[in-house]
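Asker: What follows is a structure written as structure tokens; I'll ask about it next.
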Amino acid sequence: MKHLLAYILFLVTVTTFAQDKKEDKQKLQAQSYVAEANDLAVNDAFVEAEMEYRKALSLKPTQVAGAYNLGHQYFKKGNFEEALFRHQQAAKNATSKEEKYRAFHNIGNILMEEKKCKQAVEAYKTALRNKPSDDETRYNYAVAKECADNQKDDEPQEEDNEGDNNRDKEDNKDENQKENNEKEQEDKGEDDKKEGDQDKDKQGEPKDEKENEQKEGDQKNEQKQPQPGQLSPQQIKNLLEAMNNQEQKVQEKINAQKVKGAKLQTEKDW
């Protein structure tokens with residue numbers, strides 16, 4: 001029984017040693033791929049470098065250097081979606097504060113390129129937690145925070161504009177409804193007026209004859225009433241009487257002057 005336990009323990013030890021040896025070999029091979037990819041990237045051979053980075057990650061998916069460097073190459077090419085994925089992969093597998101700081105710093109830069117300022121602020125915060133003394137990250141954090149505040153200020157304005165548009169639509173709707181109601185009332189009033197005129201025509205004299213009689217009466221009234229600028233018969237009579245009285249007074253005055261001015265004839269002395 002003791003020999004059996006010793007044999008099992010020996011097999012476990014050998015298996016573990018073999019696995020460790022295999023992992024070490026894979027790690028060394030992955031590092032070799034990464035080194036080759038770095039050399040290609042320096043010479044601007046992006047396609048070849050991408051292939052070597054992918055070989056390293058397929059062999060050792062948790063390798064931070066391969067994911068980080070591949071993400072950096074995607075960032076330089078403007079492929080921000082792939083760059084973000086690779087740096088998140090690097091941050092997830094990072095085992096040291098330095099590795100986490102570098103990954104989250106670059107994540108913040110990528111998010112800023114995509115105008116995701118609020119998320120970039122959080123990424124820079126995480127980077128600073130792992131390396132508080134980095135001046136570049138602090139500067140980027142301040143820029144991202146200002147950008148996030150500006151975006152926050154713009155959001156209510158967009159909501160207000162949307163609210164104004166909705167209110168304008170409601171106002172236009174109410175105005176149109178009001179105009180329709182007024183038009184319906186006017187149409188109804190005209191219909192009622194027409195019906196009333198028809199009923200009057202049926203019950204009494206024709207409508208045209210009534211209108212003629214009304215016009216004749218208006219003309220007579222106009223004839224009776226003095227027109228503007230004209231004198232009534234009574235005013236004319238009073239005026240003539242006044243003129244006669246005045247003429248009589250003038251004539252009497254003239255006669256009196258004739259009597260007063262006449263020279264008397266004296267008797268001559270012989």
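Asker: Step by step: first the residues of segment 100-127, then only those that are among the polar types (S, T, N, Q) and open to solvent by less than 50 Å² (accessible area, probe 1.4 Å), then the one that is nearest to the chain's Cα centre (by Cα). Which residue is that?
Answerer: By that ranking, first place goes to Asn109.
Asker: Sort out which residues of segment 128-157 are aromatic (Phe, Trp, Tyr) and surrounded by 12 or more Cβ atoms within 10 Å (Cβ to Cβ), and write them in order of number.
Answerer: Tyr141, the sole residue that qualifies.
Asker: I've got another one for you. Against the conditions (1) in contact with a Leu (Cβ under 8 Å, 6 or more places away or on another chain); (2) surrounded by fewer than 19 Cβ atoms within 10 Å (Cβ to Cβ), where does Phe85 fall short? Just the number, please.
Answerer: Unmet for Phe85, out of (1) in contact with a Leu (Cβ under 8 Å, 6 or more places away or on another chain); (2) surrounded by fewer than 19 Cβ atoms within 10 Å (Cβ to Cβ): (1).
Asker: Ok, one more. Report whether or not Leu59 is over 28 Å from Glu23 (Cα atoms) and in contact with a helix residue (DSSP H, G or I) (Cβ under 8 Å, 6 or more places away or on another chain).
Answerer: no
The values are calculated or read from the model by the stated rules, or taken from the named source; none is laboratory data. Because the structure is predicted, anything quoted here is derived from the model rather than measured. Note that each Cβ is placed from the backbone with ideal geometry, even for glycine, and that neighbours are counted across all protein chains shown. To get the accessible areas, we keep the full protein, side chains included, count just its heavy atoms, and leave off ligands, DNA and RNA. Shrake-Rupley method; radii C 1.70, N 1.55, O 1.52, S 1.80 Å.
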